[in-house]
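Below you'll find the structure, written out as structure tokens, and then a few comments.
The values are calculated or read from the model by the stated rules, or taken from the named source; none is laboratory data. Remember, predicted model here, so these are calculated numbers, not experimental data. Ideal geometry is used to build each Cβ from the backbone, glycine not excepted, and the neighbour counts take in all protein chains shown. Heavy atoms of the whole protein, side chains included, go into the accessibility calculation; ligands, DNA and RNA do not. Shrake-Rupley method; radii C 1.70, N 1.55, O 1.52, S 1.80 Å.
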Amino acid sequence: MSLPTTMRAARITAHGGPEVIEVTDVPLPAPAEGEVLVEVGAVALNNTDLWTREGAYGRPDDARARSGWRGPIEFPRIQGADVAGHVAKVGAGVDPGLVGRRVVVDPAIYDGEEPDANPVGLMGSERDGGYAQYVTARVDRVHDVTASPLTDDQLASLPTAYGTALGMIERGRLRAGETVLVSGASGGVGLAAVQIARARGARVVAISSGSKMGAVRDAGADEVVDRAEPVVGQVRAAAPEGVDVVLDVVAGDLVGDGLALLREGGRWVIAGALGGYEVTFDVRRLYLHNAQVIGSAMHTPTHFALLMDLARRGEIQPVVAAEFPLDQAALAQEELARRRHVGKLVLHPDGTSAPGGARALAQGI
């Protein structure tokens, strides 16, 4: 297979607004020993793209410092954590039979090689990502999904959103028959949490905005409450005996207001801070009821392998809200920030985009 010497890529040149995204030609990366080169079929957008571009993650010693996902990042940086595509070339020591295989890339950079290793870096932040025609990845982080019935757009929707949701569910020890509350349920992680929790046999109560409540219910939620109205009272009405697990990407006031919703031994799992990162709550609600507040950053290698098994069997159906060509990466991020959609936004490095996705955005769903 003859490969080009350059490729099209969207990269950030500094922390800032969408104007720091430049689309340009860059040298084609070469896979190192133990790596593969993946031709990107689709790359999905995530809130991590916005926050990395903005430098919104802070540091342990300075919460307001501009920083990438896990610290200072090198510029220019090609963004994009969520990649689906085909293996185009292999590096030294890699089976050449992988060329042509359809794959999804695990975007996490782990703190070890163990199955339960923690993510300490992310493709698109600590290393170049998939807002490009090609990207390199370690061969052990590339999962063969050739047999999956899902489209490339759906597969690209999985790594960060569904990986984060599955990590939350696993760390929260959600079991069949339990009641789970999902915040931010119309977003990528929230919708994934609804689908996976329902597949686990849990009763799902979801929080969403009025215009998106139907779509969240269609995704599998048993009850949907309107975040524009007092949430705690609505949840009490929907789950009068309390909730066993909360899967929360909002945080902020929701934690302090809602902690009393937990049943004995309940678990509140936090993987985002859309509502604010400074939280105040009554600690008596923890120790008197043996409750737990659990932080959850993405997934482990074991979690991701479980997710890929679901993808191969087609047991989850990611919702794709809209598609954009790579040259419109800045526009796509602006749409992501507006939060008018339900599901995932994806970029096509080959320059194509589907009109159905554009219609979905125009309708504000």
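When you look at L288, is it among the hydrophobic types (A, V, I, L, M, F, W, C) and either under 20 Å from the mean Cα position of the chain (by Cα) or within 20 Å of A221 (Cα to Cα) (or both), yes or no? Quick ask: steps written out before the conclusion?
Values: among the hydrophobic types (A, V, I, L, M, F, W, C): yes; either under 20 Å from the mean Cα position of the chain (by Cα) or within 20 Å of A221 (Cα to Cα) (or both): no.
The answer is no for L288.
Could you count how many residues in the range 207-227 are out of contact with any strand residue (DSSP E or B) (no Cβ under 6 Å at 6 or more places or on another chain), open to solvent by 40 Å² or more (accessible area, probe 1.4 Å) and over 15 Å from R340 (Cα atoms)?
Count: 1.
Starting from residues that are more than 26 Å from A197 (Cβ to Cβ) and among the aromatic types (F, W, Y), keep the ones in the range 105-142 and report whichever is nearest to the chain's Cα centre (by Cα).
Only one residue tops the list, namely Y131.
Residue-wise test of (1) at pLDDT 95 or above; (2) of a type in the set (K, R); (3) surrounded by fewer than 24 Cβ atoms within 10 Å (Cβ to Cβ).
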{"residue": "P159", "(1), (2), (3)": "yes, no, no"}
{"residue": "Y162", "(1), (2), (3)": "yes, no, no"}
{"residue": "E170", "(1), (2), (3)": "yes, no, yes"}
{"residue": "R173", "(1), (2), (3)": "yes, yes, yes"}
{"residue": "G177", "(1), (2), (3)": "yes, no, yes"}
{"residue": "V180", "(1), (2), (3)": "yes, no, no"}
{"residue": "G188", "(1), (2), (3)": "no, no, no"}
{"residue": "A193", "(1), (2), (3)": "yes, no, no"}
{"residue": "I196", "(1), (2), (3)": "yes, no, no"}
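Does the range 53-68 contain at least one residue that is aromatic (F, W, Y) and open to solvent by 60 Å² or more (accessible area, probe 1.4 Å)?
At the first step, the residues of the range 53-68 found to be aromatic (F, W, Y) are 57.
Add one more test, that the residue is open to solvent by 60 Å² or more (accessible area, probe 1.4 Å), and what stays is 57.
Among the residues of the range 53-68, at least one is aromatic (F, W, Y) and open to solvent by 60 Å² or more (accessible area, probe 1.4 Å), which makes the answer yes.
Tell me the strands (runs of 3 or more DSSP E) entirely within the range 143-234 that contain at least 1 residues that are under 21 Å from the mean Cα position of the chain (by Cα). Steps first, please.
Details: elements: 179-182, 203-208, 223-226.
Ranges flagged: 179-182, 203-208.
Give the residue that is farthest from A65 (Cα to Cα), with candidates limited to residues of the range 1-13 that are open to solvent by 40 Å² or more (accessible area, probe 1.4 Å) and out of contact with any Lys or Arg (no Cβ under 9 Å at 6 or more places or on another chain).
Here is the first cut: in the range 1-13, the ones open to solvent by 40 Å² or more (accessible area, probe 1.4 Å) are 1-6, 8, 11, 13.
From the residues that got through so far, the ones that are out of contact with any Lys or Arg (no Cβ under 9 Å at 6 or more places or on another chain) too are 2, 4-6, 8.
Working: S2: 44, P4: 39, T5: 37, T6: 35, R8: 31 Å.
So the residue we want is S2.
Might you let me know whether the range 71-92 holds any residue that is open to solvent by 70 Å² or more (accessible area, probe 1.4 Å), of a type in the set (K, R) and within 30 Å of G276 (Cα to Cα)? Lay out the reasoning, then the answer.
To start, the set of residues in the range 71-92 that are open to solvent by 70 Å² or more (accessible area, probe 1.4 Å) comprises 72, 74-75, 86, 89.
With the extra rule that they be of a type in the set (K, R), the set shrinks to 89.
Pick out the ones that are also within 30 Å of G276 (Cα to Cα) and you get none.
No, every residue in the range 71-92 fails to be open to solvent by 70 Å² or more (accessible area, probe 1.4 Å), of a type in the set (K, R) and within 30 Å of G276 (Cα to Cα).
Could you please find all residues in the range 204-231 being of a type in the set (S, T, N, Q) and over 18 Å from D257 (Cβ atoms)? Please lay out each step first, then the result.
Taking the range 204-231 and keeping what is of a type in the set (S, T, N, Q), we get 208-209, 211.
If the condition is that a residue be of a type in the set (S, T, N, Q) and over 18 Å from D257 (Cβ atoms), then S211 is the only one that fits.
Against the condition within 18 Å of T302 (Cα to Cα) and either out of contact with any Gly (no Cβ under 9 Å at 6 or more places or on another chain) or of a type in the set (G, A, S) (or both), how does A165 come out, does it pass? Break it down into steps so the answer makes sense when it comes.
Working: within 18 Å of T302 (Cα to Cα): yes; either out of contact with any Gly (no Cβ under 9 Å at 6 or more places or on another chain) or of a type in the set (G, A, S) (or both): yes.
For A165, the condition - within 18 Å of T302 (Cα to Cα) and either out of contact with any Gly (no Cβ under 9 Å at 6 or more places or on another chain) or of a type in the set (G, A, S) (or both) - is met.
Given the condition surrounded by fewer than 19 Cβ atoms within 10 Å (Cβ to Cβ), within 17 Å of I316 (Cα to Cα) and either at pLDDT 95 or above or aliphatic (A, V, I, L, M) (or both), answer yes or no: does some residue in the range 130-139 qualify?
Checked the range 130-139: no residue is surrounded by fewer than 19 Cβ atoms within 10 Å (Cβ to Cβ), within 17 Å of I316 (Cα to Cα) and either at pLDDT 95 or above or aliphatic (A, V, I, L, M) (or both).
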